Every structure is written in structure tokens, then in C-alpha cells.
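Peer 1: This structure is in C-alpha cells; I'll ask about it shortly.
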Amino acid sequence: MNFAPLDTTLVENRLRDQVQDFGEVNGAAAYHTLKGLQDFRTGDCWVVLAAETNPAADGPQPKRKAAAGAVFGVVICARNYRDLHADAAKDEVMIFAGKAREALIGWAPAGWKDCIWLKGQVLDSDSDRVLWIDIYTTTHVLGGNP
């Protein structure tokens, strides 16, 4: 039985397979090594687990299997080659984010419910780069995933 947190490598693999435009698709470990905006490479993305919750936390806890609501983010670095307010980079971000959304919205590996998109927003920007994050949610089963 698997009681581990949501396996974001499944999301990473899905993005690698479905969005060939990304230079690299990395996980949280690679994301957390980056110290500043200048360390992010344009065209790359990172999948990061943000939180998990127990939708049945008010009731008795099952001993074998339990649903876990998970929230994860897909962080995308795009070029910002025209202005300091990231308006020009929206064009490239929109392309990357649109392809990532197409790959993830409604997709579910075995043992998960369909991924649902919650929101997207700019995290940071400078004259060279803009960081965008799309937030998704899904539910997986603790003790039940392969």
C-alpha cells in the first residue's frame, strides 16, 4: 500500500509527453535549488506539490484507504523581452500555459480523480523573464494507489 503524498512525477511525465515546447520539466527538488529569478531558464517548467488535505477529517479515519485532496502548481518561466510589466511575455506564457492546461485538465492517472484547474497568476517578473503558476487540484487515494 502507498501512503505517500501525491506523486508529482506522474504530472511531470505527462507534461514531457504532451508539451514538447518545454525545454525541461522538473520537480520540486529542482525548483527549490533556484535562488532568484535570474536562475530560472525560459521555456522550462516545474511541478510542485503545494498541499494535501483530508476531505473526511471530521469523521473517523479509515485504517486501510483514505482520500487525499491534493493541490499542485505548474510553474512556467517565459521570456519577457519587451517591458518591465511582463505584458509582452503574456504571449509566450499564454502559449505554454494553454498547452499545459490542455494536457492536465480532466486528465487522471490510475487512482486519481480528474485534475481540475483552479487559477493562474504571475509569480514574479523582470526585464528578461516572467514566472507564471497554474494551480490544479485532484484527489488520490492513500493506501490504494499502485
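The values are calculated or read from the model by the stated rules, or taken from the named source; none is laboratory data. What you are looking at is a predicted structure, and each value in this text was computed from that prediction instead of being measured. Cβ placement follows ideal geometry from the backbone for every residue including glycine, while neighbour counts extend to all protein chains displayed.
Peer 1: Which of the residues belonging to the stretch 1-25 are farther than 28 Å from Gly143 by Cβ and polar (S, T, N, Q)?
Peer 2: Hits for the stretch 1-25 are Gln18, Gln20.
Peer 1: Tell me which residues, restricted to the stretch 19-41, are in contact (Cβ under 8 Å) with a residue 60 or more places away in the chain and over 14 Å from the mean Cα position of the chain (by Cα).
Peer 2: Applying the first criterion (in contact (Cβ under 8 Å) with a residue 60 or more places away in the chain) to the stretch 19-41 yields 19, 21-22, 37-38, 40.
Once the filter is applied, which keeps residues that are in contact (Cβ under 8 Å) with a residue 60 or more places away in the chain and over 14 Å from the mean Cα position of the chain (by Cα), the stretch 19-41 yields Asp21, Leu37, Gln38, Phe40.
Peer 1: Moving on. Working only within the stretch 90-114, note down all residues that are touching a Gly at 6+ places or on another chain (Cβ under 7 Å) and among the hydrophobic types (A, V, I, L, M, F, W, C).
Peer 2: Within the stretch 90-114, Ala97 is the sole residue that qualifies.
Peer 1: Let me ask something else about it. Filter the stretch 70-111 down to the residues that are assigned to a strand (DSSP E or B) and at pLDDT below 95, then identify the one that is surrounded by the fewest Cβ atoms within 10 Å (Cβ to Cβ). If you could, list the steps in order and put the result at the bottom.
Peer 2: Pass one, the stretch 70-111, residues assigned to a strand (DSSP E or B): 70-79.
When the remaining residues are screened for being at pLDDT below 95, the result is 78-79.
Numbers: Ala78: 27, Arg79: 15.
Checking each candidate, the answer is Arg79.
Peer 1: Any residue at all in the stretch 50-59 that's farther than 23 Å from Ala97 by Cβ and among the polar types (S, T, N, Q)?
Peer 2: Taking every residue of the stretch 50-59 in turn, at least one turns out to be farther than 23 Å from Ala97 by Cβ and among the polar types (S, T, N, Q).
Peer 1: OK, next. Here is a list of conditions, (1) farther than 17 Å from Trp107 by Cα; (2) surrounded by 15 or more Cβ atoms within 10 Å (Cβ to Cβ); (3) in contact with a Lys or Arg (Cβ under 9 Å, 6 or more places away or on another chain), and Tyr31 meets all of them except one; can you say which number that is?
Peer 2: Of the numbered conditions (1) farther than 17 Å from Trp107 by Cα; (2) surrounded by 15 or more Cβ atoms within 10 Å (Cβ to Cβ); (3) in contact with a Lys or Arg (Cβ under 9 Å, 6 or more places away or on another chain), the odd one out for Tyr31 is (3).
Peer 1: Continuing with the same structure: Identify all residues within the stretch 1-51 that are in contact with a Leu (Cβ under 6 Å, 6 or more places away or on another chain) and part of a strand (DSSP E or B); write none if there are none.
Peer 2: Selection gives Val25, Leu49.
Peer 1: Is it true that some residue in the stretch 29-42 is touching a helix residue (DSSP H, G or I) at 6+ places or on another chain (Cβ under 6 Å), at pLDDT 95 or above and under 30 Å from Asn2 (Cβ atoms)?
Peer 2: For the stretch 29-42, residues touching a helix residue (DSSP H, G or I) at 6+ places or on another chain (Cβ under 6 Å), at pLDDT 95 or above and under 30 Å from Asn2 (Cβ atoms): absent.
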